[in-house]
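Notes for the one structure printed next.
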Amino acid sequence: MQRIDLNDILQRTVSAANGDLVTRRTGQRVRAAIELELGAEHDGHVAGLDFGTVRCLDLSCADEIVGRLLREHGEARFVLLNVTAAQRDAIEFVLERHRLAVVVQDAGGALDVVGAVPEPARDVFGALVAGGALAPEEVARRLGLSSEVVRAALDALRERHLVQDTAGAYCAPAVA
């Protein structure tokens with residue numbers, strides 16, 4: 001996984017030593033720097049955007065950084081790392097508004113899917129986080145859902161690059 005520290009980018013692009021991602025213009029500069037770091041090598045691998053040293057994230061920056069990255073790089077896989085509850089609220093608001101979703105990892109290491117995802121898909125994602133790589137039938141058995149519901153949820157998660165499909169088994173993104 002390519003790990004990108006947002007505070008490092010913030011300091012390089014805006015010269016802000018405070019760790020706050022506020023204002024749309026700041027978000028535009030940070031997103032542009034992220035896109036440069038991703039470069040041409042971002043071909044299906046997971047990029048981890050590390051929010052761990054970011055103190056404040058306002059809605060305009062969340063929209064510019066997370067919202068636009070997901071909209072403009074829909075084929076890419078992103079995981080947002082070390083996301084606080086306050087950052088998650090801003091990110092979730094933006095994602096819901098744009099009907100987008102992304103995988104987040106909180107400071108404790110727990111993975112979750114955030115944004116516009118139906119409840120069965122959230123449950124399926126949770127089963128994959130808990131169980132590792134699983135076949136659809138195993139997910140259905142563990143959750144007590146029909147195979148059709150599980151397959152539809154897995155398809156929706158895969159289309160949004162929230163899970164990986166390897167030889168018929170699905171798994172959440174590997175976060176190292």
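The trypsin sites (Lys or Arg not before Pro) of the range 90-170 that DSSP puts in a loop, and whose beta carbon has at most 16 other beta carbons within 10 Å, are Arg99. Going by a ≥ b ≥ c, the root eigenvalues of the Cα gyration tensor, does the range 119-171 fall in the rounded group (a/c under 1.5), the prolate group (a/b larger than b/c) or the oblate group? Note, shape of the range 119-171 comes out rounded. Per-residue extension of 0.36 nm, minus the Cα-Cα distance of Arg24 and Arg122, leaves a gain of 32.3 nm for this segment. Normalised by the number of residues in the chain, the average gap of Cα pairs under 8 Å and 6 or more apart makes the relative contact order 17 percent. Dividing the radius of gyration of the alpha carbons in the range 15-106 by their Kirkwood radius gives 0.93 for Rg/Rh.
Rounded to the nearest 10 degrees, the angle from helix 119-131 to the longest Cα principal axis of the chain is 90 degrees. Of all the stretches in the chain, which is the longest one without any exposed loop site, taking GluC sites (Glu not before Pro) in a DSSP loop (any state but H, G, I, E, B) with at most 16 other Cβ atoms within 10 Å? Counting only loop sites that pass the neighbour cut-off, the longest clear stretch is 76-176.
Within the chain, all pairs of alpha-carbon atoms sorted by distance into 5 Å bins from zero give the percentages 1, 9, 18, 21, 19, 14, 9, 5, 3, 1, 0.
Computed from point charges on the beta carbon alone (+1 for Lys and Arg, -1 for Asp and Glu), the dipole magnitude for the range 119-171 about its Cα centre is near 100 Debye.
Projecting the Cα atoms of Gln2, Val30, Val113 onto the charge dipole of the chain (Cβ charges, centred on the Cα centre) puts Val30 farthest toward the positive pole. When only the Cβ of Lys, Arg, Asp and Glu is charged (+1, +1, -1, -1), the dipole of the chain relative to its Cα centre reaches about 260 debye. Local charge for Cys56 was computed over the other residues whose Cβ lies under 15 Å away, with Lys and Arg +1 and Asp and Glu -1, and equals -2. May I ask for the net charge around Val30, where only other residues with Cβ less than 13 Å from the Cβ of Val30 are counted and Lys, Arg are +1 while Asp, Glu are -1? It works out to a net charge of -3.
Throughout, read-outs are computed from the coordinates displayed, never taken from laboratory work. As the structure is a prediction and not an experimental result, all values here were calculated from the model. Every residue, glycine as well, gets a Cβ built from its backbone with ideal geometry; the counts of neighbours run over all protein chains shown.
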